[in-house]
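The values are calculated or read from the model by the stated rules, or taken from the named source; none is laboratory data. What you are looking at is a predicted structure, and each value in this text was computed from that prediction instead of being measured. A quick note on method: Cβ atoms are made from the backbone with ideal geometry, for glycine too, and the neighbour counts reach across all protein chains shown. Ligands, DNA and RNA are stripped out before the accessible areas are found, and what is left, the full protein with its side chains, is counted by its heavy atoms. Shrake-Rupley method; radii C 1.70, N 1.55, O 1.52, S 1.80 Å.
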Amino acid sequence: MPSLKTILCALDLSEHSQVVAEHASMLAKLSGAKIYAMYVAPTMTQYTGFHVAPNTIDGFVGEIVSGAESSMAEFVAKHFEGVDVEADVVVGYATEEILAAADKHNADIIVMGTHGRKGIDRILFGSVAEKVVTQSKIPVLTIRPATSKTEEN
């Protein structure tokens, strides 16, 4: 019988992340599992070919990570009350980092949001959630942002 001991909760720190955290917390409280919450800061290595000094890119990424760590600490304190949680900010490609963290922490499930992009946005930006779902060895619970009544009509 499957059991949950570790839940990987991938966050983008958007407004929708609160709903994702609520689902992860609910699962943790029901199962007694620990949550490993993570945010993946984008890597800027693909821009080194544009004659931008590497130290400039490294400094920029460092500022992003520093800000994300502060935001993540505040977010975790506010939205994961009453559960055992470890939080981290990593740099890289989101899909790769989420899957690697799931392996590293022996996660039993991944909980993450999806933006539900359609049309040209989906073509241009792709879907981290879709890639994680199709490549993951473990179950993935995706939480789609709530839509307003006007958006449904």
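Between ALA77 and LEU13, the contour length at 0.36 nm per residue exceeds the Cα-Cα span by 21.7 nm. Solvent-accessible surface (1.4 Å probe) assigned to LEU27 amounts to roughly 40 Å². Placing dummy labels 7 Å off each Cα toward the beta-carbon, the span from LYS137 to SER3 is 2.0 nm.
With both labels modelled 7 Å from their Cα along Cα-to-Cβ, the SER66 to GLU96 distance reads 2.6 nm.
Using 0.36 nm times the number of residues separating GLU22 and ASP84, minus their current alpha carbon distance, what extension gain do you get?
Values: separation 62, 0.36 × 62 = 22.32 nm, distance 1.37 nm.
Contour length minus Cα-Cα distance gives 20.9 nm.
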